[in-house]
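See below for the structure under consideration.
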């Protein structure tokens, strides 16, 4: 799971996902970028994807496929790691399935439909 270099900058969504995983006894490995500026977050994403079986990304409903999370989607595709993307609107609580890339359909029956 992506994590910020400092706890103060971790967003509420990431905190909630981490808490939920811990509550459900799902092992979580936090991937923190090394020092070195913006490029270190890109290298962190590559390392994180290389250790994953599946990537589940959540985007803001108003900004789908933008920002650093879009980079994770790209790296998952480059590494042939299945990726499922969702959108979430905090104002309405609406979740939606944005799309997926799972060429072998390895996770299609296990991930939320959206």
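Values for this structure:
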| read-out | value |
| --- | --- |
| Order of 29, 100 under a 10 Å beta carbon neighbour criterion, fewest first | 29, 100 |
| Computed over the range 7-101: relative contact order in percent, which uses C-alpha pairs under 8 Å that are six or more apart | 20 |
| Rounded to 5, the percent of DSSP beta bridges in the chain classed as antiparallel | 50 |
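Bear in mind these aren't lab numbers, they're just calculated from the coordinates by the rules spelled out. Predicted model only: the values in this text are computed from it and were never measured. A quick note on method: Cβ atoms are made from the backbone with ideal geometry, for glycine too, and the neighbour counts reach across all protein chains shown.
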